[in-house]
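The values are calculated or read from the model by the stated rules, or taken from the named source; none is laboratory data. Computed from a predicted model, the values in this text were never measured in an experiment. Using ideal geometry, Cβ is built from the backbone for each residue, glycine included, and neighbour counts are taken over all protein chains shown.
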């Protein structure tokens, strides 16, 4: 039993390090949206901020943030819009900037969430003394200023917009049916690279593979609630 626990702990450390390395650090610029659209040909501090935020999210790959909205920035905006199911215009309008701000907040949530790995499972729990699956979602969102009701995984499944597996982004919610086929009763945060983080009875807060032999057949879909 002791040997099994050591193996489990080692696996958790390796998976945590692997997934954490994919997650950008906290953005250097404020994760807020402006009311003005930004488009090709413009130069401003707002464009610099847009480039920095898109770089944090992995969409703007130019070495420096120039403050000029050229073809590279336009392509980065288009790539973001496609990934987040927005109209692909290349213009950073209010909806796009709001989505970028939300994506940055969720990246910060996911970075912080890794600090709770191995916090034990507790039925009805929604604090660092113990979490159940929906309680962990509630706690992390509330901690980072996202207002959400303390509810069940099934109720969360009825919120937000559906996300195709190919378009999953860090911070999206992924849902599973454990006890009864077809009935949602488990939720976690998508982390990236096919991994998700949730409160499990066996290991507490722990990263898992969505494609494992256990979780894969139980997957019910994903929602973007923020």
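Just one of (1) surrounded by 15 or more Cβ atoms within 10 Å (Cβ to Cβ); (2) modelled with pLDDT of 95 or more; (3) assigned to a loop (DSSP other than H, G, I, E, B) trips up residue 58, so point out which.
(2)
I'd like the residue in segment 204-226 that is over 17 Å from residue 154 (Cβ atoms) and in contact with a helix residue (DSSP H, G or I) (Cβ under 7 Å, 6 or more places away or on another chain) and, out of all such residues, is surrounded by the most Cβ atoms within 10 Å (Cβ to Cβ).
Residue satisfying both the conditions and the ranking: 205.
Tell me, which helices (runs of 4 or more DSSP H) wholly within segment 73-161 include 1 or more residues that are closer than 15 Å to residue 198 by Cβ, touching a strand residue (DSSP E or B) at 6+ places or on another chain (Cβ under 7 Å) and free of Cβ contacts under 8 Å to residues at least 40 places away in the same chain?
133-143, 153-157
Residue 178: more than 15 Å from the chain's Cα centre (by Cα), in contact (Cβ under 8 Å) with a residue 24 or more places away in the chain and surrounded by fewer than 20 Cβ atoms within 10 Å (Cβ to Cβ), yes or no? Give the derivation first.
On the way: more than 15 Å from the chain's Cα centre (by Cα): yes; in contact (Cβ under 8 Å) with a residue 24 or more places away in the chain: yes; surrounded by fewer than 20 Cβ atoms within 10 Å (Cβ to Cβ): yes.
Judged against the criteria, residue 178 is a match.
Residue 15: modelled with pLDDT under 50, touching a strand residue (DSSP E or B) at 6+ places or on another chain (Cβ under 8 Å) and not assigned by TED's automatic domain parsing to the domain that holds residue 171, yes or no?
Here the answer is yes, as residue 15 does meet what is asked.
Is there a residue being over 27 Å from residue 210 (Cβ atoms), part of a helix (DSSP H, G or I) and modelled with pLDDT of 95 or more anywhere in segment 36-46?
Of segment 36-46, the ones over 27 Å from residue 210 (Cβ atoms) are 36-46.
Subset that is part of a helix (DSSP H, G or I): 45-46.
Of the ones still in play, those that are also modelled with pLDDT of 95 or more are 45-46.
The answer is yes, given that some residue of segment 36-46 is over 27 Å from residue 210 (Cβ atoms), part of a helix (DSSP H, G or I) and modelled with pLDDT of 95 or more.
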